[in-house]
Each structure stands twice: as structure tokens, then as C-alpha cells.
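Q: Below are the C-alpha cells for one structure; questions will follow.
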Amino acid sequence: MAQKSQEKGPAGGTPVVTEPDRVRNVVLVGHSGAGKTTLVEALLAATGTIGRAGNVVDGTTVSDHDPAAVRQQRSVSLACAPLLHNGIKVNLLDTPGYADFVGELRAGLRAADAALFVVSAAGGMDAATVALWEECAAVDMPRAVAVAGLDQPRADFDEAVALCQRVFGDNVMPLYLPMLGDDGVSTVGLLGLITRRVFDYTAGLPADVREPDPEHLPAIAESRNELIEGVIAESEDETLMDRYLGGEEIGTEVLIEDLEKAVARGHFYPVVPVCAETGVGLDALLEVLTAAFPSPLEHEVPPVAGVDGSPRPPLTCDPAGPLVAEVVKTTVDRHVGRVSLVRVFSGTLRPDQTVHVSGHGMAERGHPDHDADERVGHIYTPLGATLREVSLCVAGDICAITKSGSAETGDTISAKDDPLLIAPWEMPEPLLPVAIVARSRADEDALARNLARLVAGDPTLRLERNPETHQLVLWCMGEAHADVVLDRLRAGGVELDTEPVRVSLRETLTVPAKGHGRHVKQSGGHGQYAVCDIEVEPLPRGGGFEFVDRVVGGAVPHNYIPSVEKGVRDQLERGLVAGHPVVDLRVTLVDGKAHSVDSSDAAFQTAGALALRDAAERGQPALLEPIDEVTIRVPDGSVGAVMGDLSGRRGRVLGTEPDPDAEGRTLVRAEVPSTELLRYAVELRSMTAGTGTFRRHFVRHDPMPAHLADQARKEQTP
């Protein structure tokens with residue numbers, strides 16, 4: 001692609017657009033350490049958006065403004081960094097590369113119209129990046145590849161391109177080749193394959209454009225032919241290939257036009273070598289982002305419905321259309337309040353406008369359905385943590401709003417008089433539990449406030465207050481996610497500790513038994529008198545609880561029989577041996593005694609509970625553990641390791657089948673005790689190099705092995 005003159009705005013300038021065709025929304029993806037954040041910083045500096053590029057090590061980059069990101073020296077959250085190039089506003093969406101923060105990645109994909117895959121010239125690629133490419137391919141999202149880090153030791157551009165072509169498939173082709181300096185090691189320029197020009201960066205940006213040296217011509221000719229054939233194969237002009245094969249020289253302008261169309265349609269994937277430190281290739285990459293990537297006008301608006309679920313016709317990216325925007329990220333700052341990053345899909349968002357905020361379908365993760373009318377105060381264009389006020393945000397653009405009373409990640413913002421709900425994006429399920437406890441009563445209040453902030457902004461975080469184990473459990477995506485969540489809580493002034501997660505167990509009796517309950521007290525005046533005899537027998541798993549009345553002759557007056565049942569039920573809830581609820585039991589009341597004066601409801605409740613405890617001494621009580629059915633999605637090559645690991649977890653494999661949604665992957669279904677899954681999210685990721693995922697749901701309770709039951713009684717008795 002031909003490089004055009006670079007247009008720089010004033011440092012710190014605020015790009016504002018009023019037409020969707022002047023917007024490009026680009027999400028940067030790639031494995032952790034590939035150089036995404038450093039590349040964003042270099043592009044911002046190259047366009048004059050910032051005066052000087054920061055760096056990750058010093059914690060001075062625009063994207064990594066989160067204290068956790070600065071401390072860990074890696075991105076942990078989505079950041080938006082707009083720049084202006086040739087009159088086009090490019091919203092760069094920098095995403096974390098670590099698998100634990102996939103929720104931030106999903107938000108970036110939702111807000112974007114195209115993806116830039118950043119691949120290290122020295123570091124290779126992880127399997128999660130390959131899976132993400134396949135995911136983008138499934139929805140025809142336009143993609144390009146930036147091979148970064150050309151100045152690093154062991155950097156090999158040719159090998160990086162070959163790797164991309166092997167794992168990403170066809171039509172992944174470089175537009176430029178790196179040009180080495182006199183030392184034969186450093187990259188000082190690019191060889192343009194379409195223009196057959198040299199772009200020399202020895203003097204910095206902008207590049208000095210000149211004719212290639214004779215020694216460059218063979219490499220240009222070979223790679224250029226492959227590139228042209230790939231572009232022509234995707235051309236809408238069916239005669240172009242015949243003309244090319246007939247020896248006709250295809251004009252540069254024709255090739256560039258066809259290339260840009262193929263990239264925008266998601267059918268061709270250009271590769272650009274870049275070096276953030278020296279500026280090599282930054283202007284070339286900007287040309288791809290602005291000229292080849294599509295505007296929001298070419299991207300379908302997600303389906304919408306009424307807040308009651310009623311169907312609505314499809315919308316288009318029209319600034320004059322109905323207002324539909326989505327909160328793709330929410331943070332809650334102690335000083336500013338809620339800051340919501342918003343992608344406007346239709347209509348125009350303006351200051352002082354009253355809008356409707358809707359959030360539905362996330363109640364299971366601690367986000368109750370909510371609807372509220374709110375007034376939008378100021379509108380900003382974000383530059384990392386910096387908010388710069390603007391006068392409006394048109395369809396296709398991204399902005400930030402502050403001080404919303406209810407907006408959470410995933411919420412829909414629409415017109416007050418016609419509230420709508422936008423179809424949600426797929427959100428991964430958090431599967432790593434972390435139990436936390438505040439150190440003091442004052443910390444409990446601070447913990448509640450800070451948890452509300454975190455849950456509002458992070459839909460991959462689920463908060464559970466377990467009524468049986470009495471633990472406060474945070475369900476996270478992995479250890480790194482949990483570390484960030486705990487750090488943010490502590491940064492909010494909360495002193496807390498973690499403790500082992502306890503699994504909700506059950507108790508039952510394994511053999512029939514009889515129980516005698518006698519509650520007799522005389523203390524002057526009315527006493528307490530109740531006697532009952534019961535028979536207890538186990539039910540099949542899942543049988544629940546049954547109470548049967550077989551009293552004859554009025555030994556227990558009819559009006560006291562419900563009291564016996566209530567006493568038995570209360571004891572079942574309190575447990576018999578280790579304090580866990582009792583299940584799968586039939587209790588039959590067979591006999592008893594009453595007193596005309598001293599018997600009462602309370603006395604028979606106590607007698608019923610005593611009778612059940614008495615029966616438990618002879619009923620051989622056992623602990624039951626929850627069993628989950630898990631569906632594990634892994635690459636074919638990891639199936640053996642996963643199945644071997646499942647057997648070590650006392651799992652029972654139910655079957656395997658090819659994944660219908662992805663070639664080269666297998667679904668493994670198994671039943672596994674919940675106690676064996678507490679850290680499975682971490683361990684599965686380790687076994688599958690970050691590519692394995694799983695879902696789980698409870699199916700039943702089964703008896704726990706004796707040695708584990710003894711251990712559980714010691715560890716989990718409340």
C-alpha cells in the first residue's frame with residue numbers, strides 16, 4: 001500500500017468527528033508481551049496525540065494507567081486511545097493479552113469494527129491468539145497483522161510471517177519487507193512491495209522515500225508477485241487475473257484500491273513490520289488502519305429489542321437514527337464516580353440529554369435487571385485515564401460519560417421515549433472461586449462498597465454469599481484476575497484475608513434406623529412433655545425428604561404431628577454429624593406420648609429433633625459431595641492429558657465428540673466432584689497452553705469416600 005504524507009495534530013489535541021465514515025474502531029489483540037501497549041504509545045506519539053511516548057517499565061503509558069497494570073507491567077484492562085491521521089479518527093482499543101482478562105478483550109471486540117493482531121518478531125505466538133483469529137474469522141471481522149519488535153534480539157520477520165501464514169491460513173501476506181542497515185542487524189527502513197519504493201527511517205519520521213537499490217530488487221520482485229496474485233484473487237474485477245497472467249502490468253492505484261476493499265471485507269490480511277522504538281513502519285501501519293479498515297458504516301449494528309423483549313427492526317449506523325449505545329466498560333473512581341466507555345451504534349449522544357439505561361440478563365452474576373432514566377452530563381473522548389470534553393458523539397464513535405447512577409458494563413443506552421435493549425455479547429463464565437473475609441467490622445462496610453464498584457464494572461466477576469458455608473466468594477477468571485481484584489479492594493482501603501473455599505456438602509443416613517425422642521421438663525407451673533418414636537430410611541439420590549404419619553390410637557395428638565415434622569425439618573437443616581443439611585431421607589412417625597397439660601408445639605418440635613439425632617447414631621451417617629457435569633473444550637492434541645487428569649480427580653468421563661463450532665477441537669464431557677474443581681480453571685489452562693475452556697453445572701450429590709469425608713468433617717464443620 002502506498003504511504004501518504006503523515007498528518008500530525010497538536011500534542012494533546014482532541015479529535016472530534018461528525019460523520020461515521022471518518023471513524024475507525026480498531027482493537028489490538030495478541031499474547032501478553034507482544035508489544036500492543038508499546039505500539040499504541042508509539043502511534044500516539046507519531047501522530048502528535050501525545051508529546052512523548054511513555055514506556056511499560058516506568059508505568060508511563062497511556063493504556064496502562066491502572067495501578068495494577070503499572071505494578072505488574074502488563075495490561076489488565078481495556079483502554080481507549082484515539083488519534084487523528086489524515087482526517088480520520090482512529091479509536092485504538094488496547095486489550096490485555098493474558099487469558100485471565102478475556103472479559104476486557106471481549107469488550108474491545110464488541111466496540112471495534114476491525115482487529116489488529118500484534119505478533120512479536122522474537123516471541124512467537126500463543127494458542128489463545130490462534131483461537132481468537134478463528135473467532136474473528138467466524139464473523140468475518142477485518143484483520144491485519146503488525147509484526148512488532150524488529151529491534152529485539154533474535155527478531156526474525158520472515159519466520160514471524162511464516163508462522164502467521166501457518167496458523168492463520170491463506171491471504172496473510174506482507175505489504176512491506178524490513179530493510180536492514182549497514183550493520184546487517186538493525187532495521188532502518190521498509191521495502192514497499194506494491195510501490196517498489198524504499199522507505200528510509202534513518203532520519204526518523206516521516207520516512208525518506210526513494211528508489212530501491214539494486215540489491216533490493218530480487219527480494220521485492222519475488223514477494224511482490226505473491227502479493228499481487230493474492231490481491232487479484234480477491235478482486236471484484238474478474239478480468240484482472242487474466243490480464244495479469246497475460247503479462248499486463250497492473251497499475252499501482254488499481255492494486256491499492258482492490259487491496260483496501262479486500263481488507264475491509266475481511267478477505268485479505270496485510271502484514272506490516274513495525275518497530276515502536278525507532279518508528280519504522282508506523283506511518284505504513286496508520287495507512288492500513290485508516291485506508292483499508294472499514295468505517296462503522298460497513299459494520300452491522302447488533303440486533304436490538306424492546307426492554308420487554310419485543311422484536312424491533314434492524315438499525316443502521318445513522319447519526320440521525322434512534323439512539324442506541326452500549327456501555328462496553330465501566331470503572332468506578334473514588335473521586336470521579338462511574339466512568340463508562342460507550343460505543344454509539346445508532347443516533348447521536350449529546351450532553352444534557354435524558355436517556356434510558358437498561359441492563360438485563362446478568363442477575364446470576366450479581367447484576368440485577370435494572371431500568372432507569374438518567375441525564376447525561378458531559379461527554380468526553382478518553383485518552384487512557386484522561387477525559388477530554390467534546391460536544392457530541394455520533395453513531396460509530398466511542399466516548400466516555402461520567403457520574404451515571406446505574407450504568408454497568410453491558411448496559412444499553414437508548415432514547416427515553418423509546419427504550420431498547422441491545423443483544424449482549426458472549427461473556428465468559430468465571431470459574432475460579434476465592435473466599436475472602438474482612439478483618440474487622442469497619443472493613444466489612446468498606447468491603448461492601450468496594451465490591452459494588454468492582455462488580456458494576458467487571459461482568460466476568462461474580463459475587464456469591466454462600467448461605468451454607470457462610471463464606472463470601474468471588475468467582476474470578478484465574479489467579480491473575482483474582483490478584484487484580486484483591487489489589488483493587490485493598491487499594492480502596494479494605495483490610496481483608498483469603499481463606500480456603502468450602503464446598504456445600506450434604507449428609508444422609510445409609511441404613512434404616514429407629515429413633516426415640518423424649519423431651520420432659522418439670523420446673524413448676526406448666527412443664528414440657530413430648531415423646532415421639534420415628535423410623536428413618538434412606539431414599540435414592542435426589543429423593544429429597546418425606547415425612548410419613550403412621551401414628552395409631554392418637555398416641556400423638558393430631559395437632560402436634562406438624563410440630564414433630566417441623567422439628568425434624570429444622571434438624572435436617574442443621575445437620576446431624578458435621579453441620580451440613582441432610583437429604584434423601586424418609587422419616588416415619590410411628591408412636592409417641594403426650595400430656596394433657598404440659599405438651600406443646602415447641603415440646604414436640606424438640607422431641608422430633610431429638611428422635612432424628614438418636615436415629616442418626618444407628619443410621620450410619622455419610623457425607624455427600626456435589627457432583628458437577630463438566631463440558632471441556634480443548635484442542636485435539638490435549639484430549640489425552642485432559643482425560644488422564646480427570647481420572648486423577650475422581651472424574652467419570654461420559655464421552656467425547658468433535659467440537660461442532662471449531663475444527664481441530666474436541667468436547668469432553670465428564671462428571672467430577674465439585675471439590676476437585678476448585679482450581680480447575682488454572683490447571684486446565686496450564687495443561688492446554690491457555691486454550692482449554694470448560695463449563696459446569698450441578699447434577700446431584702454422591703457419597704464422599706471415607707477418608708475424604710473424615711478430612712471434610714475436620715475442615716468444613718462450621
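The values are calculated or read from the model by the stated rules, or taken from the named source; none is laboratory data. Model, not experiment: these values are computed from the prediction. Cβ coordinates were reconstructed from backbone atoms using ideal geometry, including for glycine residues, and neighbour counts include every protein chain displayed. Heavy atoms of the whole protein, side chains included, go into the accessibility calculation; ligands, DNA and RNA do not. Shrake-Rupley method; radii C 1.70, N 1.55, O 1.52, S 1.80 Å.
Q: In what sequence, largest accessible area first, do R343, R700 appear using a 1.4 Å probe?
A: R700, R343
Q: Between D417 and A320, how many nm apart are label points set 7 Å from Cα along the C-beta direction?
A: 1.7 nm
Q: Right, another one. Hey, can you grab everything whose amide H is under 5 Å from the amide H of V390? Only 5+ residues off in sequence or another chain; H modelled, so Pro and N-termini drop out.
A: Answer set, sorted by chain and number: I379, Y380, T381.
Q: Tell me, what is the 1.4 Å probe accessible area of M704, in Å² to the nearest 10?
A: The accessible area comes out at roughly 20 Å².
Q: Let me ask another. With θ taken as phi - 60° and the coefficients 6.51, -1.76 and 1.60, list the Karplus ³J(HN,Hα) couplings across segment 679-694 in order, rounded to whole Hz; mark glycine and proline as x.
A: Values per residue, Gly and Pro as x: 10, 5, 4, 6, 6, 5, 4, 5, 5, 10, 6, x, 9, x, 10, 8 Hz.
Q: Further, regarding this structure: Quick one: which residues, 5+ away or cross-chain, put their amide H under 5 Å from the amide H of M179? H built at 1.01 Å from N.
A: Here V188, G189, L190, L191 satisfy the definition.
Q: Step through the residues of segment 553-567 one at a time and calculate ³J(HN,Hα) from phi using the Karplus curve (6.51 cos²θ - 1.76 cosθ + 1.60, θ = phi - 60°), rounding each to whole Hz and writing x for Gly and Pro.
A: x, x, 4, 10, x, 4, 6, 9, 4, x, 5, 4, 4, 5, x
Q: Okay, moving on. Leaving ligands, DNA and RNA out of it, report the carbon-plus-sulfur percent of the accessible area of the chain at a 1.4 Å probe.
A: For the chain, the apolar C and S fraction of the accessible surface comes to 50 percent.
Q: Also: Just read off the accessible area of R449 with the full protein assembly in place, 1.4 Å probe, to the nearest 10 Å².
A: 140 Å²
Q: Could you size up the charge dipole of the chain around its Cα centre, putting +1 on the beta carbon of Lys and Arg and -1 on that of Asp and Glu, and report it in debye to the nearest 20?
A: 3080 debye
Q: Classify segment 366-446 as rounded, prolate or oblate from the Cα gyration tensor: take a ≥ b ≥ c as the square roots of its eigenvalues, call it rounded if a/c is under 1.5, otherwise prolate when a/b beats b/c and oblate if not.
A: Taking the square roots of the gyration eigenvalues as a ≥ b ≥ c, segment 366-446 is prolate.
Q: Which value at 222 nm does the chain reach when only helices count, each DSSP H run of 4 or more adding -39,500 (n - 2.57), with the total divided by all residues and rounded to the nearest 500 deg cm²/dmol?
A: Only helices count here, giving -8000 deg cm²/dmol.
Q: Now a separate question. Can you tell me the length gained on complete extension of the stretch D213 to D158, counting 0.36 nm per residue apart and subtracting the Cα distance?
A: 17.8 nm
Q: Could you name the lysines in cross-link range of K329, using Cα to Cα under 16 Å and dropping any fewer than eight places away on the same chain?
A: K403
Q: Which order do peptides 680-691, 116-127 fall in by mean Cβ count within 10 Å, highest first?
A: Per-residue mean Cβ counts within 10 Å order the peptides as 116-127, 680-691.
Q: Shape call for segment 185-318 from the C-alpha gyration tensor, a ≥ b ≥ c root eigenvalues: rounded (a/c under 1.5), prolate (a/b greater than b/c) or oblate?
A: Verdict is oblate for segment 185-318.
Q: Give, in nm to one decimal, the length gained when the segment between M241 and S186 is fully stretched (0.36 nm per residue of separation minus the Cα-Cα distance).
A: 16.1 nm
Q: Taking the Cα atoms of segment 67-159, what is the range of coordinates along each of the three principal axes, in descending order and whole Å?
A: Ordered largest first, segment 67-159 gives principal extents of 34, 32, 31 Å.
Q: For T386 and D140, compute 0.36 nm times the residue count separating them, minus their Cα-Cα distance, and round to one decimal in nm.
A: Gain on stretching T386 to D140: 85.3 nm.
Q: Rank these residues by their accessible area, most exposed first, probe 1.4 Å: R462, R143, R166.
A: In descending accessible area the options line up as R166, R462, R143.
Q: In addition: How far is helix 601-616 tilted, in degrees, relative to the longest principal axis of the Cα atoms in the chain, given as a value from 0 to 90 rounded to the nearest 10?
A: So the helix axis and the longest Cα principal axis differ by about 80 degrees.
Q: With every atom except the alpha carbons ignored, what do you get for Rg and Dmax of the chain, in angstroms?
A: 32.3, 117
Q: Separate question: Quick query: amide H of N55 versus all other amide H atoms, modeled in the peptide plane; which residues come in under 5 Å with a sequence gap of 5 or more or a different chain?
A: The answer is T60, T61.
Q: Moving on to the next point. Might you tell me the accessible area per residue for the chain, computed with a 1.4 Å probe and given in Å²?
A: 42 Å²
Q: With every protein chain present, what accessible area does K36 have (1.4 Å probe, heavy atoms only), rounded to the nearest 10 Å²?
A: Surface open to solvent at K36 totals about 10 Å².
Q: In whole angstrom, how far apart do the alpha carbon centroids of segment 669-717 and segment 284-304 sit?
A: Segment 669-717 and segment 284-304 have Cα centres separated by 44 Å.
Q: Along the charge dipole of the chain, which of M173, G189, F293 sits closest to the positive end, that is, farthest toward it, with unit charges on the beta carbon of Lys, Arg, Asp and Glu (+1, +1, -1, -1)?
A: Going by the Cα projections, it comes out as F293.
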